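The values are calculated or read from the model by the stated rules, or taken from the named source; none is laboratory data. Computed from a predicted model, the values in this text were never measured in an experiment. Please note: Cβ atoms are built from the backbone with ideal geometry, for glycine as well, and neighbour counts cover all protein chains shown.
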Amino acid sequence: MSGNAGRDRIAASVVSAALEWVGTPYRHQGSRKGVACDCLGLVHGVWRDIYGRELEPPGPYAPDWAEATEQERLLEGLRRHFEDKPISAMAAGDLIVFRWRPHLPAKHAAILIEPDNFVHAYQDHGVTLTRLVPQWRRRIAAAFAFPCLT
C-alpha cells in the first residue's frame with residue numbers, strides 16, 4: 001500500500017472512530033467510549049480503537065495543570081507518537097491542539113472530522129461535534145497526523 005493510501009486509510013479510520021465517541025459524557029482523566037472521557041482520554045481512546053493497543057499513559061494531571069507550569073507537556077508527549085504537520089495542511093483525521101491563551105501551554109486536544117468540524121471532549125458538554133469557527137481556529141497551536149503503524 002502506498003504512503004498516501006495508508007495515510008488516507010488511517011485518516012478515514014480516525015474520523016470514523018472519533019465520531020463513535022460523540023455523546024460520551026465528560027470526566028476528567030476518563031478514556032472509555034460511552035462511559036466518560038476528557039479531551040486527552042478521547043485521543044487515547046481513538047488510538048486504542050485504531051491500533052488495538054494503548055498509547056503511552058500521561059500520568060495523573062490536574063484540570064489546571066497548564067496554568068501551573070510553563071512546560072508544553074501535551075505537545076511534547078504528542079510529538080513522541082504523532083507526526084507534526086503544518087497547521088495550514090491539517091486535514092480530516094488529524095489531531096489538533098488548542099492553546100487557550102497565548103502565554104499558556106497548549107492544553108486541549110481534538111480530532112478534525114472535516115475542514116470546519118472537529119470532535120472533542122469538553123467539560124459540561126461531553127464529547128461533541130463542534131464547528132471550527134474563528135474563535136476556535138485562532139487558538140490552534142499545533143496539528144498532528146496519526147502515524148501509519150503496522
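Annotations
- Qualifying residue in the range 88-107 (condition: modelled with pLDDT under 95, within 12 Å of the chain's Cα centre (by Cα), within 18 Å of Val127 (Cα to Cα) and surrounded by 15 or more Cβ atoms within 10 Å (Cβ to Cβ)): yes
- Matching residues, the range 132-150, being under 16 Å from the mean Cα position of the chain (by Cα) and not in a helix (DSSP H, G or I): Leu132, Arg139, Ile140, Ala141, Ala142, Ala143, Phe144, Ala145, Phe146, Pro147
- Just one of the numbered conditions (1) buried (at least 16 other Cβ atoms within 10 Å of the Cβ); (2) within 16 Å of Ala109 (Cα to Cα); (3) modelled with pLDDT under 95 is not true of Arg7: (2).
- Some residue of the range 8-23 being closer than 17 Å to His125 by Cβ and among the β-branched types (Val, Ile, Thr): yes
- Sub-6 Å Cβ pairs linking a first residue in the range 130-150 that is without any contact (Cβ under 8 Å) to a residue 60 or more places away in the chain and under 22 Å from Asn4 (Cβ atoms) to a second residue that is β-branched (Val, Ile, Thr) and not in a strand (DSSP E or B), at least 6 apart or interchain, are Ala143/Ile87, ordered by first then second residue.
- Taking first residues from the range 99-110 that are without any contact (Cβ under 8 Å) to a residue 60 or more places away in the chain and partners that are in a loop (DSSP other than H, G, I, E, B) and of a type in the set (Val, Ile, Thr), the Cβ contacts under 8 Å between residues at least 6 apart in sequence or on separate chains come to Pro105/Thr69.
- Pair list, Cβ under 7 Å, 6 or more apart: the range 79-95 residue more than 12 Å from Leu112 (Cα to Cα), other residue modelled with pLDDT under 95 and loosely packed, with under 15 Cβ neighbours inside 10 Å: Arg80/Glu56; His81/Glu56
- Picking from residues in the range 10-33 that are in contact (Cβ under 8 Å) with a residue 60 or more places away in the chain and assigned to a helix (DSSP H, G or I), the one that is nearest to Gly45 (Cα to Cα) is Ala18.
- Among residues that are crowded, with 18+ Cβ neighbours inside 10 Å, without any contact (Cβ under 8 Å) to a residue 40 or more places away in the chain and either of a type in the set (Val, Ile, Thr) or at negative phi (or both), Gly45 is included.
- Selection count where residues are basic (Lys, Arg) and either under 19 Å from Gly30 (Cβ atoms) or in contact with a Gly (Cβ under 7 Å, 6 or more places away or on another chain) (or both), scope the range 95-125: 1
- The residues listed here are Tyr26, Tyr61; of these, the one that is surrounded by 14 or more Cβ atoms within 10 Å (Cβ to Cβ) and modelled with pLDDT of 95 or more is Tyr26.
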